[in-house]
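Q: Quick one: the structure is below, questions incoming.
The values are calculated or read from the model by the stated rules, or taken from the named source; none is laboratory data. This one's a predicted model, so the numbers in the text were calculated from it and none came from an experiment. As a convention, Cβ positions derive from the backbone with ideal geometry for all residues, glycine included, and neighbour counts pool all protein chains shown. When the accessible area is computed, the model is the full protein with side chains, heavy atoms only, and any ligands, DNA or RNA have been set aside. Shrake-Rupley method; radii C 1.70, N 1.55, O 1.52, S 1.80 Å.
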Amino acid sequence: MSWFPVKVWFPLALNAVGLVLVGLDLARRSLDGAPVLLAVTAWVTWAAWAAATGTPERHARFRAGLYLLMLAGGAFVAGATDVVGMAPAIVALLVLFGNPAFPVRVAAAGLAVALVLAGVAPLVDPVPRSTLVSSVSILLIGALGGLSRRQGRAAEDRTRALLEERVAVEQERALVAAMSERSRIARDLHDVLAHSLGGLVVQLEAVDALLEAGQGAEAHKRVIAARGLALSGLDEAKQAVSALREPPDEDVGSVLADLVAAHRALGGVVAVRGPVDHGGLSAAGRTALRRAVQELLTNARRHAPGVPADLILDWGEETLTVAASTPAAAGPRSQAGGGNGLTGMRERVTEAGGTMTVRAGPPFEVVLRLPRGPR
């Protein structure tokens, strides 16, 4: 019966068994010699119980009315039926007090009316005082049982809400991690494309100018240089595709030497000042330094061609400060760069625990501060 959950069919079955047993007892024994008023009330209460059992939960108000009728009628006929007729009242108390769908004040009002009717019933059909005390006690115990059930359901709801909140937090965390990874991949792709394709654009523009000037031999050299740059860019693209899981374990001097050599090979002019191999950086710091200096030199070639650039390194006790500047301010961004370089640089430096400052100039200057790591 997977299509009909246990929590649905079990209460229905239990109510059905109760209806049959109580109905048989009322018909055979409990109502023998009872006044007509009490007999009619007992059967009306039993019918209300049957109706409430078959009424869908979405009809909350109608069901509440039936349960209040069961509570009042069951309390009224309790003594005359040897407490058998009180079964519908107990069911009503458990539902009204135990189900959060019904306000507690409604259940409490029904209980108050039931207690009054239980005390009035002996005026219609006298019963021993012990029976009256038992009826009142059963009503109070039923109310306490319903309240306990309500608290249990409330605890389950809170637990479920906490679980749902935890799932939502985990989903949000996964989304943030995915967005961070996408941002990292975007930075890697930008670094590769801006450096390689930007250099290719410069070389091809030079080739075009040389061919127009009739300098075929010099143009041929530029084509060879462009081919080498394309191969270098392809190699970097392969590294980016592999997500650069482990940055190479290289020192700062090697990182800067490669970038400066590539910049000069492409016609750029750069002067490096300060010790380049006076300490170490973390893996994240080395990656941030490489990509940042690469982007700065690419921008220098693109926006200030032929203008000398400066790289100044200052090793402090806890940080490495790198200042990169060109006497001319950066010109308008070309389509090859896309305008994402400085943003990617700042993100990388921040992730490595450093800071980045940009001064528009002139001169245009970028200052990086990266925490020192093991050498």
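Q: Among the residues of segment 9-20, is there at least one that is open to solvent by less than 30 Å² (accessible area, probe 1.4 Å), under 23 Å from VAL133 (Cβ atoms), in contact with a helix residue (DSSP H, G or I) (Cβ under 6 Å, 6 or more places away or on another chain) and not β-branched (Val, Ile, Thr)?
A: no
Q: Counting only residues that are polar (S, T, N, Q) and more than 13 Å from GLY98 (Cα to Cα), how many does segment 134-153 have?
A: 3
Q: Would you check if GLY54 is buried (at least 17 other Cβ atoms within 10 Å of the Cβ) and at pLDDT below 90?
A: No; evaluated as a whole, the condition is false for this residue.
Q: Another question, if that's okay. From ALA80, ALA72, ALA92, which residue is in a helix (DSSP H, G or I), of a type outside the set (Asp, Glu), touching a residue at least 12 places away in the same chain (Cβ under 8 Å) and surrounded by 24 or more Cβ atoms within 10 Å (Cβ to Cβ)?
A: ALA92
Q: Here are PRO362, PRO332, PRO374: which of them is open to solvent by 50 Å² or more (accessible area, probe 1.4 Å), at pLDDT below 85 and closer than 19 Å to SER254 by Cβ?
A: None of the others qualify; the one that does is PRO374.
Q: Could you look through segment 171-185, keep only residues that are of a type in the set (A, V, I, L, M) and at pLDDT 70 or above, and pick out the one that is farthest from ALA265 (Cα to Cα)?
A: Here the answer is VAL176.
Q: Also, I was wondering about something else. Could you check, for segment 110-125, whether at least one of its residues is touching a Ser or Thr at 6+ places or on another chain (Cβ under 7 Å) and not aromatic (Phe, Trp, Tyr)?
A: Yes, segment 110-125 contains at least one residue that is touching a Ser or Thr at 6+ places or on another chain (Cβ under 7 Å) and not aromatic (Phe, Trp, Tyr).
Q: Pairs only if they're at least six apart or on different chains, beta carbon under 8 angstrom, first in segment 201-221 and of a type in the set (D, E, K, R), second buried (at least 18 other Cβ atoms within 10 Å of the Cβ); list them, first residue then second.
A: GLU218/LEU210
One line per residue, one yes/no per condition, for (1) open to solvent by 50 Å² or more (accessible area, probe 1.4 Å); (2) modelled with pLDDT of 90 or more; (3) in contact with a Pro (Cβ under 7 Å, 6 or more places away or on another chain):
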residue	(1), (2), (3)
ALA101	yes, no, no
ALA108	no, yes, no
LEU111	no, yes, no
VAL116	yes, yes, no
LEU123	yes, no, no
ARG129	yes, no, no
ALA143	no, yes, no
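Q: Here is a further query. Taking interchain pairs and intrachain pairs at least six residues apart, which have beta carbon atoms under 7 angstrom, with the first residue in segment 21-36 and open to solvent by less than 20 Å² (accessible area, probe 1.4 Å) and the second not in a helix (DSSP H, G or I)?
A: Matching pairs, first to second residue: LEU26/THR81; SER30/THR81; SER30/ASP82.
Q: Please work out if TRP3 is at pLDDT 90 or above and not small (Gly, Ala, Ser).
A: No; evaluated as a whole, the condition is false for this residue.
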